[in-house]
Amino acid sequence: MWILPLLGLLAGAVIGSTLTYEVPPTYIKYMSIAVLASLDSVLGGVRALLKNDFDSTVLLSGFFTNALLAALLAYLGDRLGVDLYLAAVFVFGVRLFQNLANIRHSLLSQLRNNKQVK
Amino acid sequence: MSRKWLLPITIMCFIAGFFLTFQLKVMADISTVNPISERNTNLITIINDLEEEIKKQEELIGETRDNLDKIQEEQIKGRLQELQDSLKTAKILAGLTPVAGKGIVITVDDNTEGLKANPNDDPNKYIIHYSQLLNIVSELKVGGAEAISINGQRLITTSEIRCVGNLILINTTRIAPPFEISAIGSPRLLTEIVTASELAIMKLSNYPVDLKEAEELIIPAYKGDLQFKYAQTKGEN
């Protein structure tokens, strides 16, 4: 059942690498935020799944609002001359680690429970 | 547990994979292109455009001069003949007509072999400098050269030989090595005087130097504009 998401990841990767569109240098910041936001959402989704409180609306809306807010921050930073997008990068980075830690905890506890059952 | 989560996760994975590889690719492209070289390519296109424009203008000047010549030739009648002859010699002196005759062709190039052999050495020791061209030209003039051109650029009274970075400007045209200096005059005399100094020094420094005598050498006309805003003729006899 983990095959389909992996296939999705692969398909996205293939499309991303075949697409030849030149991004203007000013928008590279925004792209990097989008990368982090999407990675964060994937890990957040997996974490929620393992904790049994998964909600598809929360996941997708979370991705879009997070990405939008981050893009807005980056834009505001550009206007103000402050690298505000770094704040978004920082938050996403921290969340990535937190999600990863949560996933690890859940998986480990699941594994232990299974052993005890056996 | 239902399988409701499968589709959203797949969509997210798809988006994440897409952005990840896309950004990777963009960054890979960026690292190979730096803004300075991009600006330089812009400048290069501007220079190329301007040079094209200069070429067009030069052609226009040439055409106008040809027309003028035709009109003048049509008017050759009696007394005018004398004036026409003096005009012709004046034009040769000014470098406004292509000329042909005996002479020599000197070819000099950067000492790329030497630079390759000593890559850590100062490259300035291995490239041709404008001063070397100036010296050769001066010696040719001493040797009685009647017409000189470098890479097809006729040298006239207003011609400059000037250093612009790694290129040389002659008649405001960029010239790059190898440099072919053609001179019309007595081949024996020119060879003698040229091989005595600057060329000898260059040969000692292992620059690729070549000197050929030519029976029939054609030196092109000066293509640029000639205007006198300040100079006025005075007391002409």
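Only the coordinates and a few stated rules stand behind these numbers; no lab work does. Remember, predicted model here, so these are calculated numbers, not experimental data. Don't worry about glycine lacking a Cβ; one is built from the backbone with ideal geometry, like all the others, and counts go over all protein chains shown.
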query = If you put +1 on each Lys and Arg Cβ and -1 on each Asp and Glu Cβ, how big is the dipole of the protein assembly as shown around its Cα centre, in Debye rounded to 20?
reply = 2480 debye
ask   = R0 = 30 Å: FRET efficiency of residue B:55 with residue B:214, Cβ-based, nearest 0.05?
value = 0.65
query = Tell me, what HN-Hα J-couplings in whole Hz come from the Karplus equation 6.51 cos²θ - 1.76 cosθ + 1.60 at θ = phi - 60° for each residue of segment B:113-125, using x for Gly and Pro?
reply = 4, x, 5, 5, 5, 10, x, 8, 6, 5, x, 4, 6
task = For segment A:49-55, take each phi angle, set θ = phi - 60°, evaluate the Karplus expression 6.51 cos²θ - 1.76 cosθ + 1.60, and give the result in whole Hz per residue in order, putting x for glycine and proline.
result = 4, 5, 8, 6, 10, 6, 9
message = Spelling out what I want: for every residue of segment A:36-48, take phi, set θ = phi - 60°, compute 6.51 cos²θ - 1.76 cosθ + 1.60 (Karplus), and round to whole Hz; glycine and proline get x.
response = 5, 4, 5, 4, 4, 5, 4, 5, x, x, 4, 4, 4
remark   = Mean per-residue count of partner chain Cβ within 10 Å for A:31-43 equals 5
query = Quick one: A:22, B:198, fewest Cβ neighbours within 10 Å first, how do they rank?
reply = A:22, B:198
note = By the mean-Cβ-within-10 Å protection proxy, highest first, A:108-114, B:189-195 rank as B:189-195, A:108-114
task = Using only Cα atoms, locate the centre of segment B:122-144 and the centre of segment A:26-85, then give the distance between them in Å, rounded to an integer.
result = 65 Å
query = Rounded, prolate or oblate: which fits chain B when a ≥ b ≥ c are the square roots of the eigenvalues of the alpha-carbon gyration tensor, with rounded for a/c under 1.5 and prolate only if a/b beats b/c?
reply = oblate
Restricting segment B:169-237 to trypsin sites (Lys or Arg not before Pro) in coil, as DSSP defines it, with at most 14 other Cβ within 10 Å = B:229, B:234
task = Let me know the mean shielding of A:63-69 by other chains, meaning the per-residue number of their Cβ atoms within 10 Å of its Cβ.
result = 1
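Other chains near B:22-29: what is the mean number of their Cβ atoms within 10 Å of each residue's Cβ? Mind dumping the intermediate values first?
Values: counts 12, 9, 4, 7, 10, 4, 0, 3.
Mean partner shielding for this stretch: 6.
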